[in-house]
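The values are calculated or read from the model by the stated rules, or taken from the named source; none is laboratory data. This structure is a prediction, so every number in the text was calculated from the model and none was measured. Using ideal geometry, Cβ is built from the backbone for each residue, glycine included, and neighbour counts are taken over all protein chains shown. Each accessible area value is taken on the protein alone, full model and side chains, heavy atoms only, with ligands, DNA and RNA left out. Shrake-Rupley method; radii C 1.70, N 1.55, O 1.52, S 1.80 Å.
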Amino acid sequence: MKKYVNIAKGIAIQLLILALFLLYFSMAWCSDNFGNIGLNEIVFTLNMPLKGAANSYFQTYFTDALLPTIIGFAIELILYIFPKKKRYELSACVGRRTWKVSIFPLKLNGFIWSGIILFWLVIIVNAADEKFNVYDFIRDQLEASEFIENEYVDAALVEIKFPEEKRNLICIYLESAESSFQDKENGGLLDVNIIPEMTELAKNNISFSQSELIEGAAVAPSCGWTIAGLVAQTSGLPLKLFNFDDALDGTDNTMDKYVSFMPGATTLGDILEQEGYYNFFMAGSDFTFGGRRDYFTQHGNYEIWDYNTAIELGKIEEDYKEGWGFEDRKLYDYAKEKLLELAQEEQPFNFSMLTVDTHTGGGYLCELCPDTFETRYENVWACASYQLSDFIEWIQQQDFYENTTICISGDHSSMQEGFLTEYDYDKHRGNIERKVYNVFINTAYEPVNMKNRQFTTLDYFPTVLAAVGAEIEGNRLGLGTNLFSDRDTLAEEYGFEDMFEELNKKSNFYDSEILYPER
């Protein structure tokens, strides 16, 4: 019996060591490939479909995480099972002399093994906290806040009046676009402006700023990755999936186990569909990734045109895949075709699109990209700036432009590892120094004041509606404030620090009324 107990202990020890190897190298891979991400994003992404992710991520995970785990564990396992009383000799020749070293594998008892594992576990946990703010995350899940409950404005219960002649809407979500990529003279953080065309668009149109220069929106907690950024800007809500109480009692709270995505929220798509708009979303990636397809089809009945659609229509070959799908150069061409098609219809349209070339991982260098800057990522952004400007110029030359509003925004701040590292932010607390780009073109209203505002991407939800001429009772929807109005945002009312602190905490209202009302 004792023999079987020892075998079971040995297996348990080795499985734990294997898990520690995998955890350690996975953390390093995650940091190298995604840079500034928080634990909430990791939890959410692991709970959602990974279908549609760029092939490069699976390849680098194998080479940078799985392979080192296998090699490290194999070496440890060999040392563990070696006969403990046998002597092993290693020899090396240096010049005319041969050096010999005798090795006697150390016999470690259970107590010593436990100490080694515990020591290693402490190192990994501390490293995880340094990279992903684990301690703060857990602490906040143990403390409930009524902030969302007290400040949330349900768009379904607010009077929203649209003009009789409805304006078309074009929403362009630029992957990881920051106003921070400008030079310091224009409100950025760089010495040289790598997005000059985007700067000119902001100067010549409405661009809400936190100073007299061009400084965009701060990013609130749980709004800092693509689907969370899209949710924030179209619903005025963060995307908070993790529920610590459920984790403790073993309840499965993954989004794909529920009938719908945030069924308690009333979103931009819901409102526009009710007002007779045709909702359409185009992306160069597989839109299933991260739950994006579910969110937009269930909130506004969007038609989705993505990487798979391009294959089905013969736009690209079945085996064609660059990065996450197809490059933005093609996306803009397909968008032009679709916009001309939608403009022929009598129904007002909401055309949304999401770029992808500037995604973390160095971005995608296409044939249009210059070789002006030292780093690949800078050249990718110079290319993205030019392509956006060219696309806007094309829209402005079309007949439908006169009655069309264009809203351009970054989905979140960049996660690129090693870029603007001196301004890296607290991933758990939110992003205040690094600003997300925004421009509103051909709007129905002029803002009361677009400079020296404190605001987040949550405020874009009612602001976009106002941009097409909607009058919003109280000028608040979700947790967002209409920036065209003179009403204070929540950031202006509470300050970023206090607002973000409350948003990080558990919200029973959010869980029961927004995320899981069907429980």
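At a glance:
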read-out	value
Too-long pairs where the Cα-Cα distance tops 27 Å, listed order kept, from K166/K321; K240/K315; K166/K338; K451/K506	K166/K321; K240/K315; K451/K506
T481 accessible area, 1.4 Å probe, all protein chains in place, Å² to nearest 10	0 Å²
Carbon plus sulfur fraction of accessible area for the range 259-301, probe 1.4 Å, in percent	44 percent
Cβ-Cβ FRET estimate between E497 and D371, R0 fixed at 41 Å, reported to 0.05	0.45
Residue-by-residue Karplus 3J(HN,Hα) for the range 313-322, coefficients 6.51, -1.76, 1.60, Hz, glycine and proline x	8, x, 5, 9, 5, 4, 9, 7, 7, 10
Heavy atoms of F25 accessible to a 1.4 Å probe, total area in Å² rounded to 10	50 Å²
Listed residues V468, V448 arranged by accessible area, highest first, probe 1.4 Å	V448, V468
Where K435, K184 fall by accessible area, highest first, once all protein chains stay in place (1.4 Å)	K184, K435
5 angstrom amide H check on L483, placed H, neighbours 5+ away	T463
Two-site FRET efficiency, E159 against I78, from Cβ-Cβ distance with R₀ of 60 Å, rounded to 0.05	0.25
Sequence of D140, D390, D399 when ordered by accessible area, the most exposed leading, probe 1.4 angstrom	D399, D390, D140
In the range 332-400, GluC sites (Glu not before Pro) in a DSSP loop with at most 15 other beta-carbon atoms within 10 Å	E345, E346, E367, E374
Share of alpha-carbon pairs per 5 Å distance bin for the range 367-519, given as whole %	2, 7, 13, 15, 16, 16, 14, 10, 6, 2, 0
Translational diffusion coefficient (Stokes-Einstein; Kirkwood radius from C-alpha pairs) of the range 315-384 at 10 °C, 1.306 mPa s, in µm²/s	115 µm²/s
